[in-house]
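Have a look at the structure below, then the notes.
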Amino acid sequence: MKKSLRQSALAYRNQLQPDEINGLSQQISASLITLLQTFKPCTVGLFHPTRGEPSVLNITNNLALAGFQWALPVCCGSPTGPVLKFASFAAGDELEAGRYNIPVPKNKTWVQPLVLLVPCVAFHRSGARLGYGAGWYDRTLSRMPNKPVTVGVAYAFTESTDNFSEQHDEILDFLVTEREVIAIPPSQLS
């Protein structure tokens with residue numbers, strides 16, 4: 001089920017034109033700004049968009065979020081296997097190509113986000129997230145001693161009516177699309 005869902009969601013993203021991605025990204029960013037304002041200023045883990053993902057990096061310049069700090073994920077090895085670490089990031093910082101050719105901060109100061117924005121290829125309202133299948137976010141979140149608040153970022157069209165989550169999947173706390181913010185009830189999170 002996950003393979004066919006991933007294929008159809010990626011096919012949808014691949015047909016989006018740059019102006020459509022930009023418009024959807026602006027709507028998603030507006031909702032993220034509203035959601036983030038419900039938290040005290042903290043470090044927020046972002047993601048650099050790739051393969052048609054929504055671009056939400058512009059929220060770093062929003063005055064309503066002036067007290068927030070930002071970070072970008074970096075794919076790293078560890079004694080227990082590959083994980084994401086988060087490097088401090090500010091608009092205008094110099095970036096370099098990281099794993100999968102995704103831009104990462106050139107100068108890395110490691111931080112622990114209290115809120116983590118997680119890109120979704122597809123999602124289910126229960127908080128289930130489908131990524132590219134390599135398990136980077138699930139593995140990273142399962143190993144964090146203090147799990148951040150997780151906010152899935154997705155296009156509304158990629159919502160699945162079937163709950164595809166498996167035991168190893170980390171359930172998100174919130175989902176944000178261009179249409180809505182979905183708060184996952186605590187009973188779904190355990």
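The values are calculated or read from the model by the stated rules, or taken from the named source; none is laboratory data. From a predicted model like this one, the values you see are computed outputs, not experimental measurements. Don't worry about glycine lacking a Cβ; one is built from the backbone with ideal geometry, like all the others, and counts go over all protein chains shown. Ligands, DNA and RNA are stripped out before the accessible areas are found, and what is left, the full protein with its side chains, is counted by its heavy atoms. Shrake-Rupley method; radii C 1.70, N 1.55, O 1.52, S 1.80 Å.
Compute, for the chain, the length of the dipole vector about the Cα centre, with Cβ point charges of +1 (Lys, Arg) and -1 (Asp, Glu) only. Units Debye, rounded to 20. Don't jump to the answer; show the numbers that get you there.
Details: 16 positive and 15 negative charges, 92 e Å.
Value, rounded to 20: 440 debye.
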For the stretch 60-190 the mean separation of alpha carbon contacts under 8 Å (6+ apart) over residue count, i.e. relative contact order in percent, is 20
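Report the gain in length on full extension from CYS75 to ARG125: 0.36 nm times residue separation, minus Cα-Cα distance, nm rounded to one decimal. Before the final figure, lay out each step's value.
Working: separation 50, 0.36 × 50 = 18.00 nm, distance 2.76 nm.
Net length gain for the segment: 15.2 nm.
State the antiparallel share, in %, of DSSP beta bridges confined to the chain, rounding to the nearest 5. Walk me through the numbers before you get to the answer.
Values: 17 of 31 bridges.
Bridges in the chain are about 55 percent antiparallel.
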Candidate lysines for bridging to LYS108, where Cα separation is under 25 Å - those fewer than 8 sequence places away on the same chain excluded: LYS40, LYS85, LYS147
Quantify, in whole percent, the carbon and sulfur part of the accessible surface of the chain (1.4 Å probe; protein heavy atoms only). 51
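For the stretch 33-190, what does the accessible surface come to per residue with a 1.4 Å probe? Please give it in Å². Provide the component values of the computation, followed by the final result.
Numbers: 7590 Å² over 158 residues.
The answer is 48 Å² per residue.
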What does the charge count near LEU95 come to, summing +1 for each Lys or Arg and -1 for each Asp or Glu among other residues with Cβ under 13 Å from its Cβ? -1
Rounded to whole angstrom, the alpha-carbon centroid of the stretch 85-138 lies from that of the stretch 144-190 at a distance of 16
Would you work out which of LEU117, LEU65, ILE21 lies farthest towards the positive end of the dipole of the chain, given +1 charges on the beta-carbon of Lys and Arg and -1 on that of Asp and Glu, about the Cα centre? LEU117
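Can you tell me what percent of all Cα-Cα pairs in the stretch 1-155 are more than 26 Å apart?
24
By how many nm would the segment from ASP93 to SER4 lengthen if fully extended, with 0.36 nm per residue of separation less the alpha-carbon distance? It would help to have the intermediate numbers written out before the result.
Values: separation 89, 0.36 × 89 = 32.04 nm, distance 3.78 nm.
Gain in length upon complete extension: 28.3 nm.
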